[in-house]
Amino acid sequence: LIIAEQIGWRNVTRLLVFSTDAGFHFAGDGKLGGIVLPNDGKCHLHKNVYTRGNSQDYPSVAHVAEILRQKNIQIIFAVTEEVTHLYEGLTSIFPKCAVGMLSNNSHNILQIIVEAYNALTSEVAMENSKLPPGYHISYTSHCKDRKPRHSEQGRKCSNISVGDEVSFNVSITAPLCMTASQRPPSVIIKPQGYSEEVEVLLSPICECSCQKDVVPRSPSCSHGNGTLECGTCRCKEGRVGTLCECNQAESGKAIDSYLCRRDNATEVCSGHGECVCGKCVCHKSSKKPNHAYYGQFCECTDFSCDQYRGLQCGGHGRCVCGVCICLPEFRGRACECPLSLGSCLSQDEQICAGRGDCHCGTCMCHDNRFQGPTCELCPSCPGVCTLHRECILCRAFSLGLNPKECEMRCIHLNFTLVGQAGVLATVPPSPSLHSCVEVDTEGCRVHFLLRTRQKEDSVHVHVALERECPSGPNVILITAVLSASVVVLGVALLLLWKLLTSIHDRREFARFQRELERRRWNRVSPAQINPSVIACQSEDVQ
């Protein structure tokens, strides 16, 4: 282990670079070699060589971490990829250390040291020595962003550079008071990796400073029946009450409890307080100390009102003795009903589109077919374009309905006729304007615009007289195509028949030739015998 005197370190920030491609040993590994003597934590260097390797076991990881903490040493592990995971596990044990991955030829060792040094110096973490039993310490840090951090985050500040200022507030809570004979304990607080430290002597304050200003037999305590100390009355023997106003002998528990019951209830002080001298002394909430009970019988709270959408009083009021006091814009037990009608207005600025009533900011539709927040949706209803289609066709193009029926049913429509459909695009848009395209009885497409007024019986229509009718079939082209198709099909069938016929004839002719050759060889005459054969036979006879 490292001793500053033997290495020659000054009282400055100390960095140690450890480079290896292997793992590490710790306490207990020496037993494999028969070494059982524990490590004493000293260097035992002789000419820069450790001399107790054969007689003392390896130190434990915790022992090394403690020495690094005592000597303010920050360690950098430059190790190869195979053992990186082993040394990364030490980062949670050693006070300040960094791990870098070393290449096989160690060419990046300088880069590892620079990056690790920047990482170590960019973070300040506070630590303290072990506290005496009963004491508790907490940190609050104010880093570069000046936002307070508490708990474990309050112990450190990260991403800081040279010249940045950070601050730490340390709070120590003391247990019960200690006797004067005992020596006050102390605790050391310091930043990790630095030699500067602060020693704090822990001397609990057993008496408040206000106790020196006590007023014996104060008139404020029922005409001298108690001592006024730190703002409260400390009653003399036989007197009770907040102001020592009750005589304990004269005050009966039964009488006092009767005065502390509301409407002859069974519980004293509504179950949220104690009866003292016939008056209720209310408690605070056990779950939330900021929530207190109050009232003559402790019947009031400011945290038990009705909730709406998870918020007390809907977030639109305050709770007073269990009742919501709503803002002027809201009403209801939980302030859930807005008085404004803004959420009930439809696109045409009508309340619930003229089809319902606004209740608590929600539309109640008269007709069950209409849905939505403003009664504008009707999945089973025909569209506004389809609803006026027949009237538009009969009024503008004299299609569909007969003239008498058209006049009776379509009198509510106000017409504006235009020539082409493109003119409709010049009409100023508005929420009540609907663009429609319908098909008439002749299969033509009719373009028109519908503008509904505040009253449903008043509708203004812009109709384009030019219809988009599908063109008729091209008879000549269809006839030509059909004729050409028949001719091409006939020629193709004829060629196919000719091809099949030619193949069949060729096969029959080839078979006829083979049969003819076979007959010729079967009918050979004697005169056709080879003369040389006959000559040979004659010579043999002679």
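Counted residue by residue at 0.36 nm each, then reduced by the alpha carbon distance between them, the extension gain from N247 to L417 reaches 51.2 nm.
Each residue of the stretch 411-421 was assigned a 3J(HN,Hα) from its phi angle through the Karplus curve 6.51 cos²θ - 1.76 cosθ + 1.60 (θ = phi - 60°); the sequence is 6, 7, 8, 9, 9, 10, 9, 10, x, 10, 5 Hz, with glycine and proline shown as x.
Selection among Q420, C326, I35 by position relative to the dipole of the chain gives I35 as farthest towards the positive end (Cβ unit charges, Cα centre). Take W9: with every protein chain present and a 1.4 Å probe, its accessible area is about 70 Å².
Could you size up the charge dipole of the stretch 1-132 around its Cα centre, putting +1 on the beta carbon of Lys and Arg and -1 on that of Asp and Glu, and report it in debye to the nearest 20?
So the dipole magnitude of the stretch 1-132 works out to roughly 560 debye.
Residues whose amide H lies under 5 Å from that of K144, counting only those 5 or more places away or on a different chain, are absent; hydrogens are built 1.01 Å from N in the peptide plane. Which one of F94, S195, T84 has its Cα pushed farthest toward the positive end of the charge dipole of the chain, where Lys and Arg give +1 and Asp and Glu give -1 at the Cβ? Working it through, the farthest residue towards the positive pole turns out to be T84. Calculated over the stretch 368-447, the projected area of the Cα convex hull averaged across directions stands at 6.9 nm². In plain terms, the chain from V162 to V475 could stretch by 103.5 nm, reckoned as 0.36 nm per residue minus the Cα-Cα distance.
Each label was represented as a point 7 Å from its Cα along the Cα-to-Cβ direction; for D263 and H85 these points are 7.0 nm apart. Residue-wise HN-Hα couplings along the stretch 156-166, as the Karplus relation 6.51 cos²θ - 1.76 cosθ + 1.60 with θ = phi - 60° gives them from phi, are 9, 10, 10, 6, 10, 10, 5, x, 6, 10, 10 Hz; Gly and Pro carry x.
Using 0.36 nm per residue and subtracting the Cα-Cα separation, the extra length available between I137 and R369 on full extension is 76.8 nm.
Dividing the Cα convex hull volume of the stretch 349-410 by residue count, how many Å³ per residue is that?
Output value, Cα hull per residue: 105 Å³.
In a simple Cβ point-charge model (Lys, Arg +1; Asp, Glu -1; nothing else charged), the chain has a dipole of about 480 debye relative to its Cα centre. Using a probe radius of 1.4 angstrom, the carbon and sulfur fraction of the accessible surface of the chain is 55%. Among the listed pairs K47/K96; K71/K190; K212/K279; K212/K284, those whose Cα-Cα separation exceeds 19 Å are K47/K96; K212/K279; K212/K284. The figure for V439 is an accessible area of roughly 70 square angstrom, using a 1.4 Å probe on the protein chains alone.
How far is the Cα center of the stretch 300-373 from the Cα center of the stretch 90-131, in Å? Between the Cα centres of the stretch 300-373 and the stretch 90-131 lies a distance of 59 Å. Farthest toward the positive end of the dipole of the chain, out of N368, V439, Y117, is the Cα of Y117, where the dipole comes from beta carbon charges about the Cα centre. Among the GluC sites (Glu not before Pro) in the stretch 418-510, those placed in a DSSP loop whose Cβ has at most 15 other Cβ atoms within 10 Å are E442, E456, E466. From the coordinates of this entry, P(r) over Cα pairs in 20 Å bins from 0, in percent is computed, and it appears in (i) 21, 53, 23, 3, 0; (ii) 22, 59, 19, 0; (iii) 11, 18, 16, 21, 17, 10, 5, 2, 1, 0 under the label (iii). In this simple spin-label model, placing a label point 7 Å from the Cα along the Cα-to-Cβ direction at both L341 and C43 gives a separation of 9.1 nm. In the context of the full set of protein chains, residues of the chain present 68 Å² of accessible surface per residue (probe radius 1.4 Å, heavy atoms only).
The values are calculated or read from the model by the stated rules, or taken from the named source; none is laboratory data. What you see is a predicted model, and the numbers here were worked out from it, not measured in a lab. Using ideal geometry, Cβ is built from the backbone for each residue, glycine included, and neighbour counts are taken over all protein chains shown. Side chains are part of the model used for accessible areas, which takes the heavy atoms of the whole protein and leaves out ligands, DNA and RNA. Shrake-Rupley method; radii C 1.70, N 1.55, O 1.52, S 1.80 Å.
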